[in-house]
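Asker: The structure under discussion is supplied below as structure tokens; questions concerning it will follow.
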Amino acid sequence: MTEKEYNECVRLYADNVYRFILKNLRQEEDARDVVQSAFEKLWKNRESVESEKSKSYLFTIAYHQMIDHLRKVKRVQLREEFREEARVSTPVHHLKKALEDALSRLNETQRSLVLLKDYEGYSYSEIGQITGLNESQVKVYLHRARIQLKNYLVKLENLI
């Protein structure tokens, strides 16, 4: 990959990668850091990356950087599970908020698969390449994630 091809890759895919990472992390600063480090790794490895495969390579790097970031944050921050259960829930009036709540209940792998397939429109094989899963695993995990989303969203108390 040449410098010109790298710059074209940045122009074409920066927004998509950022949007994908932001949907998963829900923190703008963290998403920017992850995306920046992904592009930095792409730059360092540009000689070994073919420009036709730069999109897949970039999403793969960004996905793994995001997983590393999430693991690091989990080690550092205390979990607030008990506080969330004790908190009085306020009614959800917007479908977007209900969907975000439902997505946040998925584990990081399931959330990533749903976002890659349903938000970004990747094929099962492309998602497998990005996440390191085989196509069958992607289909199974995605199916289970969608069932969890459906079960959460059909409960009336979650939408009112």
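Asker: Please compute the length gained on full extension between GLU52 and VAL154, using 0.36 nm multiplied by the number of residues separating them and subtracting their Cα-Cα distance.
Answerer: 32.5 nm
Asker: Determine how large the accessible area of TYR124 is when every protein chain is in place; take a 1.4 Å probe and give Å² rounded to the nearest 10.
Answerer: Approximately 70 Å² for this residue.
Asker: Shifting gears a bit: Past 24 Å, Cα to Cα, is the threshold; run LYS55/LYS117; LYS55/LYS97; LYS4/LYS72; LYS74/LYS117; LYS55/LYS96 against it and keep the listed order.
Answerer: In this structure, LYS55/LYS97; LYS4/LYS72; LYS74/LYS117; LYS55/LYS96 exceed 24 Å between Cα atoms.
Asker: Follow-up. Could you check how much of the accessible area of region 1-66 is carbon and sulfur, as a whole percent, using a 1.4 Å probe?
Answerer: Reported share for carbon and sulfur atoms: 45 percent.
Asker: Testing the spin-label approximation: label points 7 Å from Cα along Cα→Cβ at ASN45 and LYS139. State their distance in nm.
Answerer: The answer from the label model is 2.8 nm.
Asker: Using only protein heavy atoms and a 1.4 Å probe, report how much of GLU50 is accessible, in Å² to the nearest 10.
Answerer: 100 Å²
Asker: Let me ask another. For region 98-160, which trypsin sites (Lys or Arg not before Pro) are both in a DSSP coil and crowded by at most 12 other Cβ atoms within 10 Å?
Answerer: Sites meeting the loop and neighbour criteria: LYS155.
The values are calculated or read from the model by the stated rules, or taken from the named source; none is laboratory data. These numbers come from a predicted model, not from an experiment. Don't worry about glycine lacking a Cβ; one is built from the backbone with ideal geometry, like all the others, and counts go over all protein chains shown. Accessible surface areas use protein heavy atoms only, side chains included; no ligands, DNA or RNA. Shrake-Rupley method; radii C 1.70, N 1.55, O 1.52, S 1.80 Å.
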